[in-house]
Amino acid sequence: MDTADVVVIGAGANGTSTAFHLAKAGVKKVVVLEQSHLASGATGKSGALVRMHYTNEPETRLAVESFKYFENWNEMVGGDCGLNQIGLFVFTPPDRYDDLEANVAMQREVGAETYLLSADEAAEIDSSVSFHDVSHVAYEPRSGYADPSATVYSLARAAMGMGVDFRFDTPVTRILTEGDRVTGVETANGVIQTSSVVVAAGAWANKLFQPIGITLPLEPKYARVSVFRWSFDRPEKHMTYIDRINGTWSRPTDGNCTLIGAEIGVRETDDPDNYQEAPSQDYINHCRQQLINRFPVMRHSTMRGTWAGILMRSGDSRPLIGALDQYQGLYCMTGDSGTSFKTSPAIGKCLSELVTDGRSTTVDLTPFRPSRFDEGKPWVDEHNYGADDEDTISR
Ligand SMILES: Cc1cc2nc3c(=O)[nH]c(=O)nc-3n(C[C@H](O)[C@H](O)[C@H](O)COP(=O)(O)OP(=O)(O)OC[C@H]3O[C@@H](n4cnc5c(N)ncnc54)[C@H](O)[C@@H]3O)c2cc1C
């Protein structure tokens, strides 16, 4: 009989990080089941911005804890996560200045290095930006972006080195239960008996929950990017940017291009098993226009590529991390809502603590509990930036 101490379903950033931390905590037989290959879900398609600017304290704590890993990857994990610390600006509507100020103060208290700059001060740092509609920005000098595949590959290598058993091309067809307990998983290659299952299945999570009677407000969501070559007269300085006014995020890629994601305004299919990996021309046009709005010098740039992925959006755009009360031994990280690559090192550590000790001490996971929807207490940030929270672009 095939058995495991813990089965993790999904080898994206969160499943792999969880397996790594379980092995580090001394759990002997950890099996990771992945229907395809490492980082084949949202993770491999991620913009992979690594920053601390969240509009709530619990996610900021996860980001700050995770940043310790990204900055010290070789010592804490081994290998290279491809971190580029080129700095971050966050643009918010001027009439949300009070919220921006409150969020930056909260983030500083939690340990983030972040500053509130006037538009004039920010223009001295990066002259490619148009600040015509901005009064202040949040500035994180040490933030930037990582390589999401390299991040997962090095986590997996380290986990394998500690004995974790990764099985690729192995879809889990069903979670097995008896009464109110988890007893195993059924895969395309047979059954594995276990008393602990962590579901980190990204946009596919509903397919595992529905057959065992768990219904959560989770909706797969198409997320896209376009790549534009820098124009002839663009200054070389290029940071990472979250633009809550134009509904975009962007960062450099390939040494001379801008990678931009614009989540608002164009919708396409959201089926994780049947979606177009290349977004539509409407989407590309939308990105081009939004890019020009913030970086006028990019009006003379050439489109060089696109891609799309599927993530899982939750009912309040915040992740669900923790135990599922319906079955003893069942845990999840789902509803990433497009912002859970940068927090994956800490999410994995916290989930590992929950599985092994019954509670998470690195960051308190209580606010992320999946039961908050059944309790009628979906998450509401005190200081958000307005309507686009509906369709998060907070990468
Ligand atoms: C275009 C885009 C840009 C993004 N930009 C950012 C960003 O800048 N910063 C940031 O922090 N986040 C960003 N995100 C979000 C981030 O990528 C995700 O939050 C994160 O990667 C989720 O990781 P995960 O491991 O939870 O899920 P996934 O990476 O989706 O992994 C889930 C895995 O589970 C596997 N699986 C599913 N069902 C089964 C099954 N039944 N059996 C076995 N295996 C199964 C899947 O094959 C998949 O590999 C972005 C996402 C996209 C798509």
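Since every read-out is calculated from the coordinates, none of them should be taken as a lab result. All figures in this text were calculated on a predicted structure; none of them were measured in a lab. Positions of Cβ are generated from backbone atoms using ideal geometry, with glycine treated the same way; all protein chains shown enter the neighbour counts.
Compute the projected area of the convex hull of the Cα atoms of segment 8-82, averaged over all viewing directions, and report it in nm² to one decimal place. Display every interim value, and only then the final one.
Working: hull surface 23.5 nm².
That works out to 5.9 nm².
On a full-extension model of 0.36 nm per residue, what is the gain between residue 160 and residue 299, subtracting their alpha-carbon distance, rounded to one decimal in nm? Please report the intermediate quantities before stating the final value.
Numbers: separation 139, 0.36 × 139 = 50.04 nm, distance 4.70 nm.
Contour length minus Cα-Cα distance gives 45.3 nm.
Amide H contacts under 5 Å for residue 91: 242, 243, 244, restricted to partners 5 or more places along the chain or on a different chain, H placed in the peptide plane at 1.01 Å from N. When the Gaussian network model of the chain links Cα atoms closer than 10 Å, the mean-square fluctuations of 125, 245, 310 top out at 125.
Between residue 25 and residue 117, the contour length at 0.36 nm per residue exceeds the alpha carbon distance by 29.0 nm.
A Gaussian network model of the chain, with springs between Cα atoms under 10 Å, assigns the largest mean-square fluctuation among 222, 241, 275 to 275. For each pair in 29/207; 24/342; 221/377; 45/237; 237/349, compute the distance between the two Cα atoms and list the pairs where it is over 28 Å. Distance filter (> 28 Å) returns 237/349. Identify which of 80, 273, 381 has the largest mean-square fluctuation in a Gaussian network model of the chain, with springs joining Cα atoms closer than 10 Å. In this elastic network of the chain, the residue with the biggest mean-square fluctuation among 80, 273, 381 is 273. Maximal additional length on extending the residue 277-residue 307 stretch stands at 10.2 nm, based on 0.36 nm per residue less the C-alpha distance. Between the C-alpha center of segment 271-286 and that of segment 90-153 there is a gap of 29 Å.
Please find the FRET efficiency linking residue 133 to residue 289, where r is the Cβ-Cβ separation and R0 is fixed at 22 Å, and quote it to the nearest 0.05.
Values: r = 15 Å, r/R0 = 0.67.
Here the calculated transfer efficiency is 0.90.
When the Cα convex hull of the chain is projected onto planes of every orientation, the mean area is 18.0 nm². Positive-end ranking of 128, 74, 62 along the dipole of segment 39-173, with charges on Cβ about the Cα centre, is headed by 74.
With +1 on each Lys and Arg Cβ and -1 on each Asp and Glu Cβ, how big is the dipole of the chain about its Cα centre, in debye rounded to the nearest 20? Mind showing how you got there, number by number?
Working: 36 positive and 53 negative charges, 185 e Å.
Once rounded to the nearest 20, the dipole reads 880 debye.
The dipole here belongs to segment 1-155: it is taken about the Cα centre, uses +1 on the Cβ of Lys and Arg and -1 on the Cβ of Asp and Glu, and is about 820 debye. 3J(HN,Hα) couplings calculated from phi for segment 113-130 with the Karplus curve 6.51 cos²θ - 1.76 cosθ + 1.60 (θ = phi - 60°) are, in sequence order, 8, 8, 9, 9, 10, 6, 4, 5, 5, 5, 5, 5, 7, 9, 8, 7, 8, 8 Hz; Gly and Pro show x.
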